[in-house]
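Accompanying notes for the structure given below.
The values are calculated or read from the model by the stated rules, or taken from the named source; none is laboratory data. Predicted, not measured: the structure shown is a model, and the values here were computed from it. Neighbour counts run over all protein chains shown; Cβ positions are idealised from the backbone, glycine included. Areas reflect the complete protein model, heavy atoms only, side chains present, ligands, DNA and RNA absent. Shrake-Rupley method; radii C 1.70, N 1.55, O 1.52, S 1.80 Å.
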Protein chains: 2
Amino acid sequence: MDERSYKLGSNRSAIRELFEFSKKRKAIVGEENVFDFSLGNPSVAPNPAVNATLIDLLQNEDPCLVHGYTSAQGDAETREAIALDLNKRFGTNYKGNEIYMTCGAAASLVITLKAINDGPDDEVLAIAPFFPEYKLFVESSGAKFKVVPADLESFEINFNALEECVNQNTKAIIVDSPNNPTGVVYSEESLKKLASFLEKKQKEYGHPIYIVCDEPYREIVYDGKAVPHIPSLYDNTIICYSYSKSLSLPGERIGYILVPPKCHESEKLYLAVCGAGRIFGYVCAPSIFQKMVAKCTGLTGDISEYARNRDALYNGLTEIGYECVYPAGAFYLFVKALEDAPAFSERAKQYDLIVVPSDGFGVKGYVRLAYCTKYETIVNSMPRFKALFDSYK
Amino acid sequence: MDERSYKLGSNRSAIRELFEFSKKRKAIVGEENVFDFSLGNPSVAPNPAVNATLIDLLQNEDPCLVHGYTSAQGDAETREAIALDLNKRFGTNYKGNEIYMTCGAAASLVITLKAINDGPDDEVLAIAPFFPEYKLFVESSGAKFKVVPADLESFEINFNALEECVNQNTKAIIVDSPNNPTGVVYSEESLKKLASFLEKKQKEYGHPIYIVCDEPYREIVYDGKAVPHIPSLYDNTIICYSYSKSLSLPGERIGYILVPPKCHESEKLYLAVCGAGRIFGYVCAPSIFQKMVAKCTGLTGDISEYARNRDALYNGLTEIGYECVYPAGAFYLFVKALEDAPAFSERAKQYDLIVVPSDGFGVKGYVRLAYCTKYETIVNSMPRFKALFDSYK
């Protein structure tokens, strides 16, 4: 038996652990009395076109075709539709054959990292705070995982820290913007600075350093904020996308990898992506969801619901006295804990408030609140947050 | 870049390569003039309950729940339903929490092998002929892949060859019955012999040797033939299942792993499965398909259509003069090639007959014909097979 797998299986991710606790607690005190901010499970319904398209496929198409194998890299029509949508929005010139369909964000990352990395000395960086499973995904490719410490002022990129982390072995840096867990959208200025820094380092070391964009929250932004399209700023960028959040389909596992043509040896790299998909048994993403994406890529649910939640939660908590990062995108609020984060999360549970300590995200002293909940959950949680706050006086 | 991934991506699996060739050829000469026996893409429609259940979920349930995250190991109701169905059919006493939902057979195998293997000396056996991607799946767990040569008489298990392959490092043997590519269903006698052989070897080496059952074809059997339930014959058996073939959903990626309670340290092993799922980013199988499975597990499409195809193909080819293994299950016919298999497959292409050479399956000198095609394809292909046969005179 593999001891590491056993340990990972028995120490479930902190987020999943809280999710299970909350399910049990709801069964005891009632759904409406547990204020669960643990999981990024979208509360906004999918755009109505999603279910309408699925029903149409099920009612009117040959079921053997609807549910049949697609090409390993994905349905050609779907990949063309995605390329067209991206080109329209970002002024690019992508082709369907630069896209590889996957079973969602985790699959996109695991496959991409495997395709990039080729030895045990390779290093992949993540900027803290980051999604905790990145560490596993990087290690599954055989590379080392390295954390760039956070900029605790702005939660943008900490360039001094980054400079110290990059070396001859650096193969990639994962960029997650809009960011989980802070909701920060990296500014174009930051990303340009990152691009020119990495270009310098590529020349110095004589090999590509990829930006791996994990961007499931790309369409979830507020106040008209634009998310810069990183491949337009830096050639060696690979996009890992998932429809989990934009189309509110977290459980359905559908996404893609885009290897833009400006990437170093992009055609070869695309083939490496195909090969890595085979190694992990990941070929052919769920077929009916691929066919739905051909019609629905680029759509979202009603983002204004998240915006209302953000304002209610941010305003409510700051009025009580909590310190939070103001989020421009995604659906997370990063709140300063009033003691050590795991202890704070434990104490919050006594008030039936489920919040995720930041330690797993590579930063100490914060908790993450996912506000993709019912609006009422936020409003009704405020007296509990007040009581929790007062308990520290 | 990872050279191995690149090579695997550029040398596509022989099956997928032929599938792509056939698609292109159909575009030129017309669908009805290409006789494609390359891919195990079920031709029998799913049981009507499948689409009816999916439509019901889409029309009548909260879309945020239908498409939301389930627990990492899968929806509790679904896992209970699967356990109940297995118990009813096999007289067992499985529980939902012994089942881990996956994105299909490949995922089931990759995760299981990772959970079992813990070092580079570990060896996993497959009995030739076998599904070619097994080699990749075993290697993704860090173990060595080793082939037990075929019994070319019966295509049952070659016990003399097996005896030579098992040693102190053997951690598992993959058993695929009904077999892809031969259609042979291993007899209860063979499996009991395998069980007592492995029990002896476990004692000798002092560690478990698992049978990993890859059984997506379990329900696709003819003439009232029973497929023995291997966990009832041998304790250290893990089931890797997929609904791709039984429910005719090959593109939808839904299946499960069953870790029976009689397995050595089964609870710990189940947790290792959970951990291995995390490592490869495989947690939470597609949600709506999990919910469909809760209602449809145990159902199949109309298997008699495959039986009719089998008879038409087997009788037609043997009348021409070809030698074939008579298949009791799955939907493959294993036919003796009239020269070296790759050359034979190449020559067949000139007659627009698409057949897969056996070399990738670990046996030389045969081709695999998937007869999950239209009945007419089989009937109309006969003059081509005759012409191909005559070309060797």
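Considering A:A143, A:A150, the condition of being within 14 Å of chain B (Cβ to nearest Cβ) and buried (at least 23 other Cβ atoms within 10 Å of the Cβ) is satisfied by A:A143 alone. Please specify each residue of the stretch B:256-307 satisfying the condition of being charged (D, E, K, R) and more than 8 Å from chain A (Cβ to nearest Cβ). Of everything in the stretch B:256-307, those that are charged (D, E, K, R) and more than 8 Å from chain A (Cβ to nearest Cβ) turn out to be B:K262, B:E267, B:K291, B:K295, B:D302, B:E305. In this structure, is B:A161 modelled with pLDDT of 95 or more, over 17 Å from the mean Cα position of the chain (by Cα), within 30 Å of A:P42 (Cα to Cα) and open to solvent by 10 Å² or more (accessible area, probe 1.4 Å)? Here the answer is no, as B:A161 does not meet what is asked.
Taking B:N87, is it in contact with a helix residue (DSSP H, G or I) (Cβ under 7 Å, 6 or more places away or on another chain) and farther than 23 Å from B:G281 by Cβ?
So B:N87 fails the test.
From the list B:R79, B:R89, the lone residue that is under 24 Å from B:G275 (Cα atoms), of a type outside the set (A, V, I, L, M, F, W, C) and in a helix (DSSP H, G or I) is B:R79.
A search for C-beta distances below 7 Å between a residue of the stretch B:327-353 that is within 30 Å of B:L247 (Cα to Cα) and any residue that is assigned to a helix (DSSP H, G or I) and open to solvent by 40 Å² or more (accessible area, probe 1.4 Å), counting only pairs 6+ apart in sequence or on different chains, returns B:L333/B:Y314; B:D352/B:R25; B:D352/B:V29; B:D352/B:N33; B:D352/B:R384; B:L353/B:R384.
Set side by side, the residues B:G206, B:G224 differ, and just one is without any contact (Cβ under 8 Å) to a residue 12 or more places away in the chain and within 21 Å of the chain's Cα centre (by Cα), which is B:G224.
Rundown of residues vs (1) within 25 Å of the chain's Cα centre (by Cα); (2) aliphatic (A, V, I, L, M); (3) not in a helix (DSSP H, G or I), yes/no style:
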{"site": "A:L313", "(1), (2), (3)": "yes, yes, no"}
{"site": "A:T318", "(1), (2), (3)": "no, no, no"}
{"site": "A:P327", "(1), (2), (3)": "yes, no, yes"}
{"site": "A:S345", "(1), (2), (3)": "yes, no, no"}
{"site": "A:G360", "(1), (2), (3)": "yes, no, no"}
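When B:L54 is tested against (1) more than 8 Å from chain A (Cβ to nearest Cβ); (2) touching a residue at least 60 places away in the same chain (Cβ under 8 Å), just one condition goes unmet, and that condition is (1). The numbered conditions (1) of a type in the set (A, V, I, L, M, F, W, C); (2) open to solvent by 20 Å² or more (accessible area, probe 1.4 Å); (3) assigned to a helix (DSSP H, G or I) are all true for A:F137 except (2).
Can you pull out the residues in the stretch A:207-226 that are among the β-branched types (V, I, T) and farther than 21 Å from A:S248 by Cβ?
Within the stretch A:207-226, A:I209, A:I211, A:V212 qualify.
A Cβ distance below 7 Å, combined with a sequence gap of six or more or placement on separate chains, defines the contacts here; from the stretch B:1-29, residues that are more than 7 Å from chain A (Cβ to nearest Cβ) and within 19 Å of A:C263 (Cα to Cα) reach no residue that is of a type outside the set (G, A, S) and open to solvent by less than 40 Å² (accessible area, probe 1.4 Å). Within this structure, A:F389 passes the test of being open to solvent by 20 Å² or more (accessible area, probe 1.4 Å) and aromatic (F, W, Y).
Could you check the stretch A:115-137 and list, in sequence order, the residues that are of a type in the set (A, V, I, L, M), at the interface with chain B (Cβ under 9 Å from one of its Cβ atoms) and more than 20 Å from A:N11 (Cα to Cα)?
Pass one, the stretch A:115-137, residues of a type in the set (A, V, I, L, M): A:115-116, A:124-128, A:136.
In the following step, the residues that additionally are at the interface with chain B (Cβ under 9 Å from one of its Cβ atoms) were identified as A:115-116, A:136.
A:A115, A:I116 - these are the residues of the stretch A:115-137 that are of a type in the set (A, V, I, L, M), at the interface with chain B (Cβ under 9 Å from one of its Cβ atoms) and more than 20 Å from A:N11 (Cα to Cα).
For the stretch B:96-114, does any single residue satisfy the condition of being within 30 Å of B:D75 (Cβ to Cβ), surrounded by fewer than 20 Cβ atoms within 10 Å (Cβ to Cβ) and within 14 Å of chain A (Cβ to nearest Cβ)? Yes, that holds for at least one residue. Restricting the search to helices (runs of 4 or more DSSP H) fully inside the stretch B:1-64 and requiring at least 2 residues that are open to solvent by less than 20 Å² (accessible area, probe 1.4 Å) and among the small types (G, A, S) gives B:3-10.
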